[in-house]
């Protein structure tokens, strides 16, 4: 059995940053990636807008990935396993994987960082009614086929969901000569960035309809069209107002789910809100020595935040192996009024600062974010506007923590 | 012209008008919105990212190395669609200097082995 201080599962932005973080603390690192190159989904995100926070400049996805990949590959103490599919992870931190070049790989890890990312919700996941013809893709699948493999998946397109991937693909398909007839969004607002609505839809006169969903699809071998209808306040489609739109392609941008299948059978405590593990500020899960970061922990909107979070997880995983991770009492961090979830869900008492990341449950203007500990206010922050699609953060002083922490918004 | 300000998450709805050579912005919440509205009205610019096909197969992702006028985007995309790259390039290599007189160079954003 091979031995490494820190084993990282997943070689996307989270895994690469975690590897560099672990190296900062002198650990030996194994990085396992199932694709044939590092970079993850960044490799197919050829649009720009990455790295404004982390590097202070605007990069495309492949360029952002390259910055990390070059550093990872030039470090002799990071052993990269490509085309390595991790099959199991035990609480004793034994990782088993297979790869075409090495066969079965067994590693005893000192600590493990989970960096598997997330997967897209599919037609089945949203119980899409109608036939099952060709031409229905998740937006990310279409993005990979287009940007990496070089195939345009259709000519006349309807997109369900106005998350950033849906918006980006609306522009991408248009640039490649397809006609995007409609972007339908079931919510009364978009979870995508304003900038993407302006530059991906408005620039190309692509219509966006809110409170609208696809009710069923038609077509035998290939998709021939979709029915769309507005939804009422209870999110139920108003079928009397159903409208038929002929098209050969439907792209789904209907949500992302952290891919935590590997944790099945372990005692790692999971959050029902994020679908990721419950972690402390070091991004350590309830299973000692197992850490989690990036989209496998909670779905991010900016890769910059993924890198920052994974760097913390990687450093902490290395410190754990050295026995240097501070132990102290933990308090819980719970969301209330207006806050859907906050992360980390646990914080240690002690010195220093900790950044709490959170998402609100709807669009708020002019609200104040309040953090309390043991019932006393320890931080207040006024905000202009907060939207569910934009992750917020607030920094608190750990020395002020005297008991359980609560984060909420008020008028 | 109606547009949405993208300078911050507020997303102010802007109305930009020109009267007698003077451009006015209404609806902005701060000075950045006024500047953005005026720029969008008189000379909107975008960085363009797209793909080029390799002459012998494969694709390579590219971008303009600076923003180009919005009304040049369609021409540039048409140029990109007909272009065939016949040699290997590395990230950052200039593939074409100011094609369709767009004012920016097209550079590779990923490595391409030539096929």
Inset, instruction - Please state which one of A:183, A:279, A:217, A:268 is under 27 Å from the mean Cα position of the chain (by Cα), part of a strand (DSSP E or B) and not assigned by TED's automatic domain parsing to the domain that holds residue A:340. - result: A:183
Inset, instruction - Could you name every one of the strands (runs of 3 or more DSSP E) located completely within the range A:73-160 that has at least 3 residues being touching a helix residue (DSSP H, G or I) at 6+ places or on another chain (Cβ under 8 Å) and either within 14 Å of chain B (Cβ to nearest Cβ) or surrounded by 15 or more Cβ atoms within 10 Å (Cβ to Cβ) (or both)? - result: A:103-114, A:156-160
Inset, instruction - List the number of the failed condition for residue A:157; all other conditions in (1) at pLDDT 95 or above; (2) out of contact with any strand residue (DSSP E or B) (no Cβ under 7 Å at 6 or more places or on another chain) hold. - result: (2)
Inset, instruction - Keeping to the range B:87-115, report how many residues are surrounded by 15 or more Cβ atoms within 10 Å (Cβ to Cβ), outside any loop (DSSP other than H, G, I, E, B) and away from chain A (no Cβ under 12 Å). - result: 6
Inset, instruction - Scan (1) in a loop (DSSP other than H, G, I, E, B); (2) more than 17 Å from the chain's Cα centre (by Cα); (3) farther than 23 Å from residue A:146 by Cα; (4) within 11 Å of chain A (Cβ to nearest Cβ) for the single condition residue B:14 breaks and write down its number. - result: (1)
Inset, instruction - Report, by residue number, each residue of the range B:82-103 that is touching a helix residue (DSSP H, G or I) at 6+ places or on another chain (Cβ under 9 Å) and over 18 Å from residue A:69 (Cα atoms). - result: B:83, B:96, B:99, B:100, B:101, B:102, B:103
Legend entry - Among the candidates A:195, A:209, residue that is out of contact with any strand residue (DSSP E or B) (no Cβ under 6 Å at 6 or more places or on another chain), under 23 Å from residue A:301 (Cα atoms) and in the same structural domain as residue A:126 (by TED's automatic domain parsing): A:195
Inset, instruction - Output yes when any residue across the range B:38-54 is at the interface with chain A (Cβ under 9 Å from one of its Cβ atoms), under 28 Å from residue A:67 (Cα atoms), part of a loop (DSSP other than H, G, I, E, B) and in contact with a strand residue (DSSP E or B) (Cβ under 9 Å, 6 or more places away or on another chain), and no when none is. - result: yes
Inset, instruction - Taking residue A:59 as meeting all but one of (1) within 30 Å of residue A:164 (Cα to Cα); (2) in contact (Cβ under 8 Å) with a residue 24 or more places away in the chain, write down the number of the exception. - result: (2)
Inset, instruction - Residue by residue through the range A:230-256, note down the ones that are touching a helix residue (DSSP H, G or I) at 6+ places or on another chain (Cβ under 9 Å) and farther than 21 Å from residue A:132 by Cα. - result: A:230, A:256
Legend entry - All positions within the range A:161-202 that are crowded, with 19+ Cβ neighbours inside 10 Å and on the phi > 0 side of the Ramachandran plot: A:161
Inset, instruction - Could you tell me whether any residue of the range B:35-50 is modelled with pLDDT of 90 or more, more than 16 Å from the chain's Cα centre (by Cα), closer than 21 Å to residue A:49 by Cα and surrounded by fewer than 19 Cβ atoms within 10 Å (Cβ to Cβ)? - result: yes
Legend entry - Residues that are surrounded by 12 or more Cβ atoms within 10 Å (Cβ to Cβ) and not in a helix (DSSP H, G or I), drawn from the range B:71-86: B:83, B:85
Legend entry - Qualifying position, being farther than 23 Å from residue A:190 by Cα and modelled with pLDDT under 95, among A:224, A:264: A:264
Legend entry - Flag if residue A:301 is assigned to a loop (DSSP other than H, G, I, E, B), closer than 22 Å to residue A:159 by Cα and assigned by TED's automatic domain parsing to the domain that holds residue A:96: yes
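Quick check, is residue A:204 away from chain B (no Cβ under 14 Å) and either over 14 Å from residue A:166 (Cα atoms) or modelled with pLDDT under 95 (or both)?
Numbers: away from chain B (no Cβ under 14 Å): no; either over 14 Å from residue A:166 (Cα atoms) or modelled with pLDDT under 95 (or both): yes.
The answer is no for residue A:204.
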Inset, instruction - Could you please find all residues in the range A:192-211 being part of a loop (DSSP other than H, G, I, E, B) and over 16 Å from residue A:49 (Cβ atoms)? - result: A:205, A:206, A:207, A:210, A:211
Legend entry - One residue from B:114, B:57 being more than 13 Å from the chain's Cα centre (by Cα) and touching a residue at least 60 places away in the same chain (Cβ under 8 Å): B:114
Inset, instruction - Filter the range B:58-70 down to residues that are facing chain A (nearest Cβ under 8 Å) and surrounded by fewer than 20 Cβ atoms within 10 Å (Cβ to Cβ), then give me how many there are. - result: 2
Inset, instruction - Determine, yes or no, whether residue A:78 is at pLDDT 95 or above, touching a strand residue (DSSP E or B) at 6+ places or on another chain (Cβ under 7 Å) and closer than 20 Å to residue A:310 by Cα. - result: yes
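The values are calculated or read from the model by the stated rules, or taken from the named source; none is laboratory data. Since the structure is predicted, the reported quantities are computational estimates derived from the model, not experimental observations. All Cβ positions, glycine included, derive from the backbone under ideal geometry; neighbour counts span all protein chains shown.
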